[in-house]
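The values are calculated or read from the model by the stated rules, or taken from the named source; none is laboratory data. It should be emphasised that the depicted structure is a prediction, and the values quoted were computed from it without experimental measurement. Neighbour counts are summed over all protein chains in view; Cβ atoms, including those assigned to glycine, are modelled from backbone coordinates with ideal geometry. The accessibility values were calculated without ligands, DNA or RNA, using every heavy atom of the protein model including side chains. Shrake-Rupley method; radii C 1.70, N 1.55, O 1.52, S 1.80 Å.
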Protein chains: 2
Amino acid sequence: MKGAEALLRALVASGVEVCFANPGTSEMHFVASLDAVPEMRGVLGLFEGVCTGAADGYGRMADKPASTLLHLGPGLANGLANLHNARRAGSPVVNIVGDHATYHKQYDAPLATDIESLARPMSGWYRSSARPEEAASDAVAAVEAALGPPRRVATLVVPADVSWLGTDDAAAEAVASDAAAKRASRVTPPPGNQVPSDLVDSLAHVLRSGEPAAILLGGRSLRERPLLAASRVAATVGAKLLSETFPGRTERGAGLPVVERLVYLGELAAMQLDGLRHIVLVDARAPVSAFAYPGLKSELLPDGCEVHVLASGWDDPVSALEALAEAVGAKADSAVVAAATRPPLPTGALTPASLAAVVGALLPEGAIVSDESVSAYIFFPAATEGAPRHDWLGLSGNAIGQGLPLATGAAFACPDRPVIALQADGSAMYTIQALWTQAREGLDVTTVLLDNSSYAILNFELKRVGAGAGGSAARSLLDLSPPDLDFVKLAQGMGVEAVRAESSEEFAAAFKQALAEPGPHLVHAVLARGSGL
Amino acid sequence: MKGAEALLRALVASGVEVCFANPGTSEMHFVASLDAVPEMRGVLGLFEGVCTGAADGYGRMADKPASTLLHLGPGLANGLANLHNARRAGSPVVNIVGDHATYHKQYDAPLATDIESLARPMSGWYRSSARPEEAASDAVAAVEAALGPPRRVATLVVPADVSWLGTDDAAAEAVASDAAAKRASRVTPPPGNQVPSDLVDSLAHVLRSGEPAAILLGGRSLRERPLLAASRVAATVGAKLLSETFPGRTERGAGLPVVERLVYLGELAAMQLDGLRHIVLVDARAPVSAFAYPGLKSELLPDGCEVHVLASGWDDPVSALEALAEAVGAKADSAVVAAATRPPLPTGALTPASLAAVVGALLPEGAIVSDESVSAYIFFPAATEGAPRHDWLGLSGNAIGQGLPLATGAAFACPDRPVIALQADGSAMYTIQALWTQAREGLDVTTVLLDNSSYAILNFELKRVGAGAGGSAARSLLDLSPPDLDFVKLAQGMGVEAVRAESSEEFAAAFKQALAEPGPHLVHAVLARGSGL
């Protein structure tokens, strides 16, 4: 069989089921092989950032990688921003990049460029497949690397001739069946290393000292089991329970612990951390300001606060937190969980706060929320914490243009769950093409498009960095009007049903209807001017 | 003054007038400084690929650089594909990328990444500004590097604190006035090195040998003066006059020499080159196949064909070709130029050929054509070669998503000339956000959206690479329907007037009206199914 088919069979044997693709000439043998390997579902994205963002969303929800299929250096480049987000979210992604044939590279043809230099910054693992005989084992290695620990973006470059040349059928099948056997005999995803008991004991000692402490959760520690364990620890020792500002995936809602998120604004985050003597990191990094600001510290922890690592990306946060709960003597029922409660449906002007209340009032059971609400993000946690159980996916890498692709990929991972994208207007325009894939695939995604006609966060940041209020030239680079973006037309232009809502009542009605109907919908939520940041 | 203002003043003094920006927090001081330096016009793009493609289009038409303003590694990444095209087109671009403050980098904040690794593949020059005192001179150096020779993408990274910290006013003004004085006392753009006369003489000898020869023009050699000289040479010695497949900018139309373009399809290009014993390169590279294909050669020149370089990117192609014309004894009036002639307006089904005929029949004097027609490109040269004089901008780097941004930038460089974007549907979706900038700025751009509902070129390439016709899984990755893209709605959603045309007559009427009215327009040209590749 061809190298491309051997590679595809190895991916499937390793558990990869979906390929988010925007292919070109050098990937045509991979594309043609999809018909021979129907266990792999090829999904077209109209822009590479859609493909990589979808792979990220899929990885977060499926806990295993999808693959991408990108076209040479420029195609990879178009997908890098969302690979950056995937990397920061600790999301498993197998990133496949076609390359010129091995012997063709010397000619520096028009599309040639240094793929490795482009890929390395966003890739925790990188390999270029040298021969068709190695395509299958390279694919298996890429999946292993993506699954981790630690979870990674694994980039596999596949030259065109590695795809089209033949390789031994029996050898390729042996690689695939080895991979399938290995997969059947182990837990997926790999839980990570057990944390040594003396580390657990010493951290239990620290936490029981009575000195002010916090547990900072990130990565894989924001799922039900580790959350319950962390909450028990926190309640028992009187520590604060915090999470990263934009965690990749948080299981939350009624019956699950409420975790206070570190606020994006460094000054406020520093207040959340004020007085701490200890912070225990669980698959999280020590808090730093997203940006530097003149006269402000980059580090957010108070002076003298000791940083302890319970579990890194290599370790198993679940067993580590459960052992810690045991070590501090936490009772089984000591977790503090959210009560089932929803905000009442608001009326009147549509503001970020009233929009969040509508979302909290109507959020369906089992929803997956892709949150790229940017300047409005602050209103959602409280409004939704007592809603039925759901998953919340954040902008871990801070690179905007993630929200719609992420929702798209999550819908592939969980076809029976409703997906909701809370999407700011400016960021939406980076990867708006995702709507088309949602329409083509009939995905049950409801996009709430928050329109404040500006990069509101930047109007705010302009002042924060001490650059003043900005004159007309500066402000024109931060305003999204004129002309007004008509997201109803943009959505309809890509086959997605859409309506406009200008009051809380209109928004509630439109959101409810979108949730009730299958398939993708967009609600263009026009926020009252001046109601946000 | 702040480093950012010093930098802006230095850019302006060096002749940079436009900044295509998609800024973030780390660029806020640059943004705020725009009000203090009104000679620099800030233009917002809703996606970084719009900004870099616009800078490319501006550079090709203005023969001097615009600047970009991009946000950290992910923002740069989003702009790389069009920087790749700029690099391949030999377009001067000053690519400015904001970075975290120098002291903030150690914290690996969420948006941090290896900017240099991302930038290098697309940048002929790279520098990260270390101190506010160096911002102005770094900006001058970036402009010099961009102007060349050779013309380059010059990437200047500006950390946030280099922008916001103060620098000595007098020193910054001295750098700016030095730059202005230097600029006033020299030719812009720098013409490049004079080619030695013995090289010219030896190539004249080769061309007069009677052995089959071709002159291959690229880069800066496709403007009126070098074209006329090259045509005189070719006519005098009986050589073929060829150009690169997708030259960055060609001056053409009635009264200018007709140059045969190398066909994209390697097999056909090899036929154009068949029998040659000599090829003389003028700011062009030896022809190679865009991709490798099983069983086909990557090099397109026939065995034994000698490659001669008259002028590289470092050299002046104009004086070189005029000296060569002199050396071969070409008469002053020996250039072979196109007669003024237009195709008749076609009727009936709208096909790539009939659409090209309409464009040829109606192309206005002085038009600038951004050609990303992809699979339809073959029909335009003959249909337009006798039209009034115009410029034709090609997809030099083969990275799709260039067409709409390029047209946008060209309109800034030449506000009094009509700009026409011949834009294929699949490629349009990569950077469709450019339409919004056209609407905001009231640019006189007419987009002809060629809709064949597929990546037609890939359906063709699938067969060419020997991957067969493709099964349904393969074909679904190459087809853009369902759902149908409604480009009228997409354009209107971004404030651009648009109409749909489904016959030659409808297209001609819509195209004519769009040209007659100021401001941006889009004509959604729905090609008859099966009429293209």
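Points worth noting:
- Nearest-20 debye value, region B:180-228 charge dipole, Cβ charges on Lys, Arg, Asp, Glu: 480 debye
- Largest to smallest in accessible area, the residues B:164, A:314 fall in the order A:314, B:164 (1.4 Å probe, all protein chains included).
- If both residues of a DSSP beta bridge must be in chain B, then about 10% of such bridges are antiparallel.
- All lysines inside 27 Å of residue A:182 as judged from Cα atoms, apart from same-chain residues fewer than 8 positions distant: A:2, A:64
- Nm distances between copies for residue B:131, ranked from closest, using label points 7 Å along Cα→Cβ: 5.5
- For region A:213-257, the solvent-accessible area with a 1.4 angstrom probe is 24 square angstrom per residue.
- Cα gyration tensor shape for region A:134-185, rounded if a/c is under 1.5, else prolate or oblate: oblate
- Close amide H pairs (under 5 Å, H built 1.01 Å from N) link residue B:465 with no residue at least 5 positions away or on another chain.
- Normalised by the number of residues in chain B, the average gap of Cα pairs under 8 Å and 6 or more apart makes the relative contact order 14 percent.
- Relative contact order of region A:261-350, pairs being alpha-carbon contacts under 8 Å that are 6 or more residues apart, as %: 26 percent
- Environment charge at residue B:427 (Cβ cut-off 12 Å; Lys +1, Arg +1, Asp -1, Glu -1): -4
- Average other protein chain Cβ within 10 Å of Cβ, residues B:31-41: 5
- Karplus-derived 3J(HN,Hα) values for region B:245-256, using 6.51 cos²θ - 1.76 cosθ + 1.60 with θ = phi - 60°, are 5, 10, x, x, 8, 10, 8, 8, x, 4, x, 10 Hz; glycine and proline are entered as x.
- Of all DSSP beta bridges confined to the protein assembly as shown, the antiparallel ones make up roughly 10%.
- Share of Cα-Cα pairs in region B:395-533 lying beyond 17 Å, as whole percent: 60 percent
- Here the mean projected area of the convex hull built on the C-alpha positions of region B:88-131 is 3.8 nm².
- Take each peptide in B:90-99, A:238-247, count the other Cβ atoms within 10 Å of every residue, and average; sorted highest first, the result is B:90-99, A:238-247.
- Shielding value for B:465-472 is 6, the average number of Cβ atoms from other chains within 10 Å of each residue's Cβ.
- Compactness of region B:416-466 is given as radius of gyration and Dmax, 14.5, 48 Å, from Cα positions.
- Overall form of region A:285-350 per C-alpha gyration tensor (a/c, 1.5; a/b vs b/c): oblate
- Distances between placed amide hydrogens fall under 5 Å for residue B:254 paired with B:387, B:389, all partners being 5 or more residues away or on another chain.
- Approximate spin-label separation residue B:502-residue B:197, in nm, with each point projected 7 Å along Cα-to-Cβ: 6.8 nm
- Heavy-atom accessible surface of region A:149-200: percent carbon and sulfur, 1.4 Å: 57 percent
- Taking label points 7 Å from Cα along the Cα-to-Cβ direction, residue A:481 and residue B:267 give a separation of 5.5 nm.
- Whole-number percent relative contact order across region B:189-329, with pairs defined as alpha carbons under 8 Å at least 6 apart: 36 percent
- Residue B:131 versus residue B:185: modelled label distance in nm, points set 7 Å from Cα along the beta carbon direction: 2.7 nm
- By definition, a body whose alpha carbon gyration tensor gives a ≥ b ≥ c is prolate when a/c is 1.5 or more and a/b is larger than b/c, and the protein assembly as shown fits this prolate description.
- Protection proxy ranking, peptides A:207-213, B:388-394, A:192-198, average beta carbon neighbours within 10 Å, highest first: B:388-394, A:207-213, A:192-198
- Spherically averaged projected area of the convex hull of Cα atoms, region A:161-251: 10.1 nm².
- About its Cα centre, chain B has a charge dipole of approximately 780 debye under the convention of +1 per Lys or Arg Cβ and -1 per Asp or Glu Cβ, with nothing else charged.
- Look at the stretch A:484-497: the mean tally of other chain Cβ atoms within 10 Å of its residues' Cβ atoms is 5.
- Summed residue charge, Cβ within 14 Å of residue B:342's Cβ, Lys/Arg positive, Asp/Glu negative: +1
- Accessible surface buried once A binds B (1.4 Å probe; total of both sides; Å²): 8000 Å²
- On region A:341-401, 65 percent of the accessible area sits on carbon and sulfur atoms, based on a 1.4 Å probe.
- DSSP bridge orientation in region A:142-299 - percent antiparallel, rounded to nearest 5: 10 percent
- Other-copy label distances relative to residue B:416, 7 angstrom Cα-Cβ extension, nm: 6.9
- Across the identical copies, the label point of residue B:205 (7 Å from Cα in the Cβ direction) is separated from its matches by 8.9 nm, in order from shortest.
- Summed over all non-identical Cα pairs, the Kirkwood treatment of chain A gives a radius of 24.0 Å.
- Here the Karplus curve 6.51 cos²θ - 1.76 cosθ + 1.60, taken at θ = phi - 60°, turns the phi angles of region A:51-61 into couplings of 5, 6, x, 5, 4, 5, x, 5, x, 5, 8 Hz, with x standing for Gly and Pro.
- In this structure the amide hydrogen of residue A:97, modeled in the peptide plane, comes within under 5 Å of the amide hydrogens of A:70, A:156, A:157, A:158, none closer than 5 places in sequence on its chain.
- Helix-only mean residue ellipticity at 222 nm for chain A, each DSSP H run of n ≥ 4 adding -39500 (n - 2.57), per residue, nearest 500: -11500 deg cm²/dmol
- Potential extension, residue A:208-residue A:416 segment - 0.36 nm per residue separation minus Cα distance: 70.5 nm
- Percent breakdown of C-alpha pair distances by 5 Å bin, ordered from the shortest bin, for region B:295-433: 2, 8, 13, 14, 15, 17, 14, 11, 5, 2, 0
- Whole-percent carbon and sulfur share, accessible surface of region A:406-445, 1.4 Å: 42 percent
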